[in-house]
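The values are calculated or read from the model by the stated rules, or taken from the named source; none is laboratory data. The model shown is predicted, which means the values in this text are computed figures rather than measured ones. Neighbour counts run over all protein chains shown; Cβ positions are idealised from the backbone, glycine included. Heads up: the accessible areas ignore ligands, DNA and RNA and are worked out on the full protein's heavy atoms, side chains in. Shrake-Rupley method; radii C 1.70, N 1.55, O 1.52, S 1.80 Å.
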Amino acid sequence: MQVLLVAIVCMVLSGVVGYVLQNKQLKLRLSVAKKQAEEIEKNNQNQIKTAVAEINATNAEELQQLQNDEELEIEEQKTENEARSHRLDFREKSLEGSEARLNKSQQLLENHQAENNNMKQQVAETKQKARDLKQVREDTIYEKSKLTPEQAKQVILTNTETTLNRDYEVTVRENHDDMVLNAAKEARNLMMESIQSGVQDVPREHIERNIVIPDPGIRNKITGHDEQRLRLIESLTGVDLIFHPEHEEILIISTNDPIRREIARNAITELITARSLNSGVIENMIAEAERHVMDNLRVFGEETCAKLHLGWVHPDMMKILGRLKYRTSYGQNVLQHSVEVAELCGIMAAELGINVRLAKRSGMFHDIGKAIDREVNGTHVELGVKIAEAYGEDPIVVNSIASSHGDIETDNLIAILVKVADSMSGARPGARSESVEEYINRLKGLERIANSHEGVKESYAIQAGREIRIIVNPKVVDDEMSQKITEEVCEQVENELTYPGKIKVTTIRKLSAVEYVGGKPAPKKKQHVS
């Protein structure tokens with residue numbers, strides 16, 4: 001029990017001692033904190049005083065600056081006000097001067113107005129005197145001539161009209177006589193000038209049908225084993241390839257299609273330079289050659305139309321026009337021939353004062369049917385008319401194409417110029433390489449073939465051998481036999497003759513029966529004179 005009391009007492013004493021010690025520490029800490037607070041407050045007071053002093057100094061400087069700015073602004077306003085005052089004084093003096101000038105001008109205007117009124121009065125009096133004099137003159141003329149003003153005017157007009165008509169008739173008659181006398185000379189001079197200005201001699205192109213391969217190794221490379229590569233080239237290009245029997249280095253390209261011939265020529269030329277050949281290389285080079293030729297068709301057409309200044313032309317028609325570059329007629333390049341015809345038509349149209357551009361278009365397109373006459377049935381004139389109509393060409397252009405070889409009549413002056421220019425371009429020396437002898441032999445051959453058939457009465461080769469007309473005996477040949485003769489002549493011409501383009505075969509069967517009404521007239525009796 002005592003131990004417990006001792007323990008309790010010790011605990012109480014330790015608690016009291018701890019409390020005293022803790023209280024003492026708290027007081028010590030409070031005194032330290034109080035001193036720190038006093039120091040902080042003292043420092044803050046010092047900082048506040050310093051900040052206030054700085055603010056006051058700054059405000060004093062700003063106040064002084066503002067005061068200086070205000071004084072400077074006031075001075076500037078005073079100066080500006082003085083300048084305004086001077087300007088106002090100057091304007092006031094100017095207005096006073098203007099007012100004085102206006103007063104003076106007003107006085108002058110009043111004086112001029114008075115003078116104008118006087119002049120108007122004088123003019124009115126003068127006009128009245130003129131009217132009176134005119135009336136007096138009319139009365140005097142009427143009294144002397146017994147004619148009213150309307151009658152006198154009609155007499156003068158009638159006399160003037162008669163004189164002018166007589167002079168007009170004389171002038172027209174003189175001009176007509178002069179034109180008739182000089183027409184042939186003027187036409188000849190015009191054609192000579194046109195030929196000298198329009199025709200150009202250029203080397204013939206795209207008529208080469210042979211390729212020279214002098215190296216035997218290259219020939220063997222092109223032909224291949226058992227001529228397999230040569231046959232592959234033929235199947236891809238659609239031409240026949242034959243080595244000349246006497247000259248082995250010459251490879252002949254045989255075809256009637258100039259486009260295919262050009263594709264084959266370009267492809268074989270490229271194959272000659274190739275390092276190695278196989279089926280794939282041959283197909284690729286032929287495809288490339290075909291693409292190159294087809295792309296050039298449009299380019300040739302565009303260049304030609306731009307050169308001749310034809311205006312807008314349908315793109316497809318320009319491509320068809322480019323095909324003429326690979327087409328020849330009697331050794332003459334058809335595209336160059338068409339350009340010559342267009343230039344000749346343009347020169348003659350300019351001299352005659354008609355539409356030059358339309359004349360050039362007509363001349364340029366007059367043989368456009370030859371671009372497709374080997375692929376489509378029909379003469380090049382018929383095909384040219386269809387092409388022109390399909391692409392909306394002017395009716396004058398269509399008529400020029402249709403009448404260029406006499407198939408129909410011309411209905412305009414430009415069509416006549418196209419026919420003349422076509423003859424000039426084709427007939428000039430050096431234009432075509434076919435000899436006269438070959439030309440005559442071809443015509444005779446056509447007529448010989450036609451006349452060899454039974455029932456044919458007579459035949460005529462016309463249009464430079466492009467058409468043959470067969471006249472049969474209607475009593476011997478009927479309609480079915482006429483058709484049979486036509487087909488046989490076509491087949492025989494195709495097998496026996498070499499001809500350019502297409503030949504039109506026409507068979508004519510006509511029966512005319514003539515009788516007289518009234519019988520034969522009675523014979524006259526002879527009179528004997530004794």
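Observations, loosely collected:
- Cβ-Cβ distance of L108 and L133, R₀ of 30 Å, FRET efficiency by 1/(1 + (r/R0)^6): the value works out to about 0.25.
- Heavy-atom surface of the chain, accessible at 1.4 Å and reported per residue (Å²): 70
- R0 of 56 Å, Cβ-Cβ distance I8-A33: FRET efficiency to nearest 0.05: 0.95
- Segment D167..T269, full-extension length gain: 29.2 nm, with 0.36 nm per residue of separation and the alpha-carbon distance subtracted.
- FRET efficiency, 1/(1 + (r/R0)^6) with R0 51 Å, evaluated for N43 and Q22 via beta carbons: 0.95
- Fully extending the segment from T158 to Q65, taken as 0.36 nm per residue of separation minus the present Cα-Cα distance, adds 22.9 nm.
- Extension gain (nm, one decimal) between S276 and D479, 0.36 nm per residue minus Cα-Cα: 66.9 nm
- Overall Cα dimensions of the stretch 53-99 - principal axes, largest extent first, Å: 68, 8, 5
- Cα pair distances exceeding 13 angstrom across the stretch 67-128, given as percent: 76
- Straight-distance crosslink candidates among lysines, where the alpha carbon sits under 22 Å from K93 and sequence neighbours closer than 8 are dropped: K104
- Within the chain, the longest run free of exposed loop sites, counting trypsin sites (Lys or Arg not before Pro) that sit outside DSSP helix and strand states (H, G, I, E, B) and have at most 10 other Cβ atoms within 10 Å, spans 276-474.
- Links that overshoot a 21 Å alpha carbon limit, given the list K457/K502; K370/K444; K325/K444; K325/K370: K457/K502; K370/K444; K325/K444
- Each Lys or Arg adds one and each Asp or Glu takes one away; over the other residues whose Cβ falls under 12 Å from the Cβ of G311, this sums to +1.
- Of all aspartates and glutamates in the structure, the ones whose alpha carbon falls short of 18 Å from that of K129, not counting any fewer than 8 places away in one chain, are E138, D139.
- Scalar couplings 3J(HN,Hα) for the stretch 314-321, obtained by applying the Karplus form with A = 6.51, B = -1.76, C = 1.60 to θ = phi - 60°, are 4, x, 5, 5, 5, 5, 5, 4 Hz; x denotes Gly and Pro.
- Exposed-loop-free span, longest in the chain, where chymotrypsin sites (Phe, Trp or Tyr not before Pro) count as exposed if DSSP calls them loop and at most 12 other C-beta atoms lie within 10 Å: 1-311
- A dipole drawn for the chain from +1 and -1 charges on Cβ atoms has a positive end, and of V281, T304, I401 the residue lying farthest that way is I401.
- Of all DSSP-defined beta bridges confined to the chain, some 75% are antiparallel rather than parallel.
- Loop GluC sites (Glu not before Pro), the stretch 217-260 (other Cβ atoms within 10 Å of the site Cβ: 16 or fewer; DSSP): E246, E248, E249
- Amide proton proximity set for E458, modelled H, under 5 Å, gap of 5+: I471
- The Cα-based radius of gyration of the chain, divided by its Kirkwood radius, gives an Rg/Rh of 1.56.
- The ellipsoid equivalent to the alpha-carbon distribution of the stretch 18-175 has semi-axes of 122, 35, 14 angstrom, derived from the gyration tensor eigenvalues as √(5λ) and listed largest first.
- Computed label-point distance, nm, for sites H225 and E249 using a 7 Å Cα→Cβ extension: 2.9
- Neighbourhood net charge (11 Å Cβ-Cβ; Lys/Arg +1, Asp/Glu -1) for K127: +2
- The mean of 1/r over all distinct Cα pairs in the stretch 222-275, once inverted, gives the Kirkwood hydrodynamic radius of 11.5 Å.
- Within the straight-line cut-off of under 28 Å between alpha carbons, the lysines reachable from K42 are K24, K27, K34, sequence neighbours fewer than 8 places apart in one chain being disregarded.
- Environment charge at E62 (Cβ cut-off 13 Å; Lys +1, Arg +1, Asp -1, Glu -1): -4
- In the stretch 260-329, the alpha-carbon atoms span a convex hull of 95 Å³ per residue.
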